[in-house]
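The values are calculated or read from the model by the stated rules, or taken from the named source; none is laboratory data. Source: prediction; values computed, not measured. Neighbour counts run over all protein chains shown; Cβ positions are idealised from the backbone, glycine included. Protein only, heavy atoms only, side chains kept; ligands, DNA and RNA dropped before computing areas. Shrake-Rupley method; radii C 1.70, N 1.55, O 1.52, S 1.80 Å.
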Amino acid sequence: PNRAQSLPIDTPRPLVRLRAGSVIAMVTPSFRSLNQLLLVPLICSFFASGVIVRSRVRLPPAACVEGDGQPLYVVVFSARENRDRRSALRNSWQRYGPRLASSRMQFAVCSGEANHTNNTSKETVASTELQQEDLEHRDMLFLDCTDGTRHGQLTWKLTTSLKTFRQHQQHCPNMPSMFMKVEDDTFIAWRRLRWFLEWKRPDLANSFIGLPMPEGRPVNRNPESPWFQPVETYAKAAYPAYMDRAGYMLGWNLTMKILDEGLADANQLSNEDQAVGVWVDEAKQKGLPVVHISLPGTNSYNQLEPAVLGTWATYPHIMHHGLKGDFIHCLAMMDAENRTNDLVQPCFLDTVFVAVFSTRDSTKHRRNSVREMLDVAGLTRPGPVVVKFMLCKGADNMTDSLNKEASEHGDMVFLNCEEGYRRSLLTRKLLESMKLYVDSFSTSRSLFMKVDDDTFVAWKRLQHFLAEHKDTENVYAGLPGPAHMPVNRDPNSPWYQPEDTYPNTVYPMVMEGGPGYILARNLVRRIVGSGLGDSIILSNEDQAAGVWVDTLKQIGINVNYMEVRGTDGYRPENDVCSGTWGDYPYIAHHNLQGSTLACLAKIEALNNSSALIDDCFSHCEEYTEALLEHRLEGLSEAIKKEAHELLSMEETLEATQKSLQWMRSRTLAKEAREAESTRLHEVPKQEQPQKPAMSQSWDKDSKGGNSE
């Protein structure tokens, strides 16, 4: 078939795709082993006119299709694990990209072992998933490079992409394309881009288009920086003008000049976008009349930016960098359908599926309190958040009333599980909820959230929290439990965990189940799809979720742990239940009465940080009194302890002073004795008294002289 596709590493598929009528023996071992065969050079040379075969890249002929606008060859730089981002960009491209003449989009992924060569399990998982993705979409471009941002890795990735583009263009020589590079977190308004390029068509062949970065930026000479540029590879002190890495386009003449003159190979700089600026500048010096064109766009996202607060008609960007897949998908629909009057702000909210754990014996009043909370927050209408109550199926006297309630509200799901808290029942309920999410909601909702039906969630705060954190594609968020929590080995406890199901002595990082936790679609799909959840059924559901996530982490899956401000509510005397909404610190507050949920939701809806929350907590005075008494008792004990320690210190000080005085007196006495001894030794010898004469006469007498 005349369709573009590329070959994943080690995929046991035919290496060579043939022109119609060609005959050759099909060779299907692994790709790396083929490199050792003498047959490969023969095939490469014999079929060079029809098939492109590289050590890592295979790019068959693409159809030259007539269409509207300037042909584009779009290369999206993507890391191996960023499948969700690629899915969002595929959706945006499919809505409008096929209308462009002979244009194509490919995701450039390095086939090297990235920066984790010591993690073979991660490499195995990534390679297998990439093969499956390529088989499904046929838009992967596997390049001979390694993922990373250090020391020119992106520059080499770009150079390889440009050479692949030239090979592609050989099949459509009469339809010169523009080369476009974008990041996988960049939204492109393809409809707007088409008209922009039509407007600039006379200058496109020699153009360099993007978000301009002015010339004169100093070269990084810090050896510790990933962008360190040695003098040997670039001697100038500053860079020429270049375009931001979010995305840029190179005209056909400019691209060929860079490749034919060897400008890319000769200038492999540490920073990819600055390297392109140098290539373009050298092409200009060699006589090409380069035209720099500024593309309307931004390289950052700000929730309060005026551009995201208006309608699609007032949204000014063609290129918007730093966005999540949810955001890109929503904006792409607006662009493709040209929804000029629609507000764009909803596009900048994370999509969430919320599983509210309720039970068959929970009262309808409690669920209605949750519904009221959701209604006040605007979550009962179609939007980025979908909420469902999770109950287990059962044959009891509540079945009729529950079915009636479910029919009335349409927000209840009955799972294949058994209600209860004893051994592993909640874990099985959680797993069934995850399966429901994967099967029915994961395509349209990127996050899975589990909460209890007695938990207040400040939804605006939560959405703001999620929006300001870019990496939610692998998130595990919630209120962290105690670190290194020991495993319960008490057979009489409902949370007893036998060693045969979990042999470790402590649990990994676990998010508390009551206040709720959030898991990225990527993680939930792996837990369900790989059978991991079914293979590890623990007694406690939140601990089970933590173990599942940790297991994924151990095999090399990226996990982004994030703390959400909250409380489990089991020690209400320690929780905030009075004061202003601005001082209320929680996003999730567990173990509350139904009336409190709706009350707090109404206060949040006021958007008034000075609003008082006291009336929402009926027992706040008691809790506050108990808290103050508890703190007073603690303070009294601390004072007593300090007083006792102070008295002890005073006694020690007095004894020390007496010892010091005694030591001083001894020191003074010793110094006096030493001074007297020194004085006596310093008396002159002539001042010594003479021996009496009698001693001489005595000597004489002793020899026989006068005895007197």
Report task. Would you mention how many residues in segment 677-698 are part of a helix (DSSP H, G or I) and either at pLDDT below 70 or open to solvent by 80 Å² or more (accessible area, probe 1.4 Å) (or both)? Result -> 11
Query raised in the report: Would you pick out the residues in segment 419-431 that are part of a helix (DSSP H, G or I) and in contact (Cβ under 8 Å) with a residue 24 or more places away in the chain?
Result: 426, 427, 428, 429, 430, 431
Query - Every pair of residues 6+ apart whose Cβ atoms lie under 6 Å, when the first sits in segment 297-309 and is within 19 Å of residue 466 (Cα to Cα) while the second is of a type outside the set (A, V, I, L, M, F, W, C) - result: 300/322; 301/322; 308/345; 309/345
**Report entry** Qualifying residues in segment 486-530 (those that are basic (Lys, Arg) and free of Cβ contacts under 8 Å to residues at least 60 places away in the same chain) - the one nearest to residue 428 (Cα to Cα)
**Finding:** 526
Requested in this report: Evaluate segment 141-160: report whether one residue or more is at pLDDT 90 or above and open to solvent by 20 Å² or more (accessible area, probe 1.4 Å).
Outcome: yes
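Yes/no matrix, rows are residues, columns are (1) farther than 20 Å from residue 527 by Cβ; (2) in a loop (DSSP other than H, G, I, E, B):
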| residue | (1), (2) |
| --- | --- |
| 461 | yes, no |
| 464 | yes, no |
| 473 | no, yes |
| 477 | no, no |
| 484 | yes, yes |
| 490 | yes, yes |
| 498 | yes, yes |
| 501 | no, yes |
**Report entry** segment 268-302 - residue that is acidic (Asp, Glu) and over 21 Å from residue 187 (Cβ atoms) and, of those, surrounded by the fewest Cβ atoms within 10 Å (Cβ to Cβ)
**Finding:** 282
Query raised in the report: Does residue 611 satisfy the condition of being touching a residue at least 60 places away in the same chain (Cβ under 8 Å), surrounded by fewer than 20 Cβ atoms within 10 Å (Cβ to Cβ) and not charged (D, E, K, R)?
Result: no
**Report entry** Candidate set: segment 211-249, residues that are of a type outside the set (Ser, Thr, Tyr) and under 17 Å from residue 71 (Cα atoms); chosen: the one surrounded by the most Cβ atoms within 10 Å (Cβ to Cβ)
**Finding:** 247
Report task. Scan segment 463-484 residue by residue and report those that are on the phi < 0 side of the Ramachandran plot and open to solvent by 60 Å² or more (accessible area, probe 1.4 Å). Result -> 464, 468, 470, 471, 482, 483
**Report entry** Test result for residue 253, in contact with a Leu (Cβ under 7 Å, 6 or more places away or on another chain) and among the polar types (S, T, N, Q)
**Finding:** yes
Report task. Considering every residue within segment 623-641, establish whether at least one is open to solvent by less than 70 Å² (accessible area, probe 1.4 Å), closer than 30 Å to residue 459 by Cα, of a type in the set (Val, Ile, Thr) and modelled with pLDDT of 85 or more. Result -> no
Query - Whichever residue in segment 510-541 is small (Gly, Ala, Ser) and open to solvent by 20 Å² or more (accessible area, probe 1.4 Å) and, among such residues, is farthest from residue 484 (Cα to Cα) - result: 529
Query raised in the report: Given the conditions (1) open to solvent by 100 Å² or more (accessible area, probe 1.4 Å); (2) of a type outside the set (Lys, Arg); (3) at pLDDT 80 or above, which single one is not true for residue 655?
Result: (1)
Report summary line: Of those in segment 585-606 that are at pLDDT below 95 and of a type in the set (Ser, Thr, Tyr), the residue farthest from residue 480 (Cα to Cα) is 595
Report summary line: Those residues of segment 441-459 which are outside any helix (DSSP H, G or I) and among the aromatic types (Phe, Trp, Tyr) amount to 441, 448, 456
Query raised in the report: For the subset of segment 338-361 comprising residues that are free of Cβ contacts under 8 Å to residues at least 40 places away in the same chain and open to solvent by 10 Å² or more (accessible area, probe 1.4 Å), which member is nearest to residue 390 (Cα to Cα)?
Result: 346
Query - Enumeration of residues in segment 381-400 that are closer than 24 Å to residue 604 by Cβ and without any contact (Cβ under 8 Å) to a residue 12 or more places away in the chain - result: 381, 382
